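Down below is the structure, laid out as structure tokens.
The values are calculated or read from the model by the stated rules, or taken from the named source; none is laboratory data. This is a predicted model, so every value here is computed, not measured. All Cβ positions, glycine included, derive from the backbone under ideal geometry; neighbour counts span all protein chains shown. Heads up: the accessible areas ignore ligands, DNA and RNA and are worked out on the full protein's heavy atoms, side chains in. Shrake-Rupley method; radii C 1.70, N 1.55, O 1.52, S 1.80 Å.
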Amino acid sequence: MQLTIKNLDKKYSNGVHALNDVSLTINKGMFGLLGPNGAGKSSLMRTLATLQDVDSGSVTLGDIDVLNDKESVRKVLGYLPQEFGVYPRTSAVELLDHLALLKGFDNKADRKAIVEQLLVKVNLWEHRKNAVASYSGGMRQRFGIAQCLIGTPKLVIVDEPTAGLDPGERNRFYNILSEIGENIIVILSTHIVQDVRELCTQMAVMNHGKVLFSGNTDEALSEVKNKVWERKVSKAELADYQNNYKVISNKLVGGNPLIHVFSETEPGNGFTKAEENLEDVFFAKLNELV
């Protein structure tokens, strides 16, 4: 199954152009959607999840018209938004049972089997009787994935799923996403480059509602291959380097900025070749250097 997005456009009443002629083709597997806050990622995710309409464009999931046949989409959709609420005193097993009922699983025995299978899958079976509201951030995200998977969806959308998770929980989350992404389309919307690097072979970069890049991670890296150089400078020198070089990014290392610059040829002046990574691609695209 393939998700095809063509020429999506969306302007909000406050004048924000959230989606500006967005076109993407997404195949089975993990797809990473990168962009800073305000890039339009959540607007696109909400559109695909049938939670908002657009001004123009089209989306098809296989033979389903996503924009005009929302009920059919919802039958094959799993959605984990950036934030989701839960009933204060409801246990995980009770809440999943209720959600499965809403998904159309009327048979009590079937629901029980589905709920047990999902809680085991996300490693929450031992905590099934605890209120979801009492869960840690990572446990809540794993519960969110469980509710996504009710009904064996063909499309799963997760919006900023690992923000605020500790490294251990992030790794558990990675493992779950990688497993489910083997057989269906999983769209991971994030501003964390590491998430895409760890999980995805397909990716896109968005900013200000526009798609700046779409392809696989190898293609992305090829755009900056042998063109990223680095040097540590003093804080006082940083502004001069930003004025005189195509600075991709800078971060403090040992109290002084380590800058990455984009250059087709060796820039000299103490720069050494850096090992390019997706973070370089991300910032180079945002700064319109490539």
Report summary line: Which residues qualify? For Gly29, with a placed amide H closer than 5 Å and at least 5 residues away or on another chain, they are Ile184, Ile185, Val186
Report summary line: Rounded to the nearest 0.05, FRET efficiency between Gln82 and Ser136 (Cβ-Cβ, R0 22 Å) equals 0.80
Query raised in the report: Among the DSSP beta bridges whose two residues both lie in the chain, what percent are antiparallel, rounded to the nearest 5?
Result: 65 percent
Query raised in the report: Cα axis of helix 137-148 to longest principal axis of the chain: angle in degrees, 0 to 90, nearest 10?
Result: 60 degrees
Query raised in the report: Toward the positive end of the charge dipole of the chain, about the Cα centre and with charges on Cβ (Lys, Arg +1; Asp, Glu -1), which of Asn183, Cys148, Gly254 goes farthest?
Result: Cys148
Report summary line: Expected max-MSF residue from Phe213, Phe105, Phe84 in the GNM of the chain (alpha carbon, under 10 Å) is Phe84
Requested in this report: Quick one: grab the alpha carbon gyration tensor of the stretch 186-248, order the square roots of its eigenvalues as a ≥ b ≥ c, and give me rounded if a/c is under 1.5, else prolate or oblate depending on whether a/b is larger than b/c.
Outcome: prolate
Report summary line: Residue-ordered couplings for the stretch 235-247, obtained by feeding phi - 60° into the Karplus form 6.51 cos²θ - 1.76 cosθ + 1.60 and rounding to whole Hz (Gly and Pro as x), are 4, 5, 8, 4, 4, 5, 5, 5, 7, 10, 10, 7, 6
Requested in this report: List the residues whose amide H sits under 5 Å from the amide H of Asn207, counting only those 5 or more places along or on another chain, with H placed 1.01 Å from N in the peptide plane.
Outcome: Leu212
Query raised in the report: Any idea what angle helix 92-102 forms with the longest principal axis of the chain, computed on alpha-carbon atoms, 0 to 90 degrees, nearest 10?
Result: 80 degrees
Query raised in the report: In degrees between 0 and 90, to the nearest 10, how far off the longest principal axis of the chain does helix 167-180 point, with axes built from Cα atoms?
Result: 70 degrees
Query - Neighbourhood net charge (10 Å Cβ-Cβ; Lys/Arg +1, Asp/Glu -1) for Leu101 - result: +1
Query raised in the report: Rolling a 1.4 angstrom probe over the protein heavy atoms, how many square angstrom per residue are accessible across the chain?
Result: 49 Å²
**Report entry** the stretch 2-217: relative contact order as a whole-number percent, Cα under 8 Å and 6+ apart
**Finding:** 32 percent
Query raised in the report: If you roll a 1.4 Å probe over the chain with all protein chains in place, what percent of the accessible area is carbon or sulfur?
Result: 45 percent
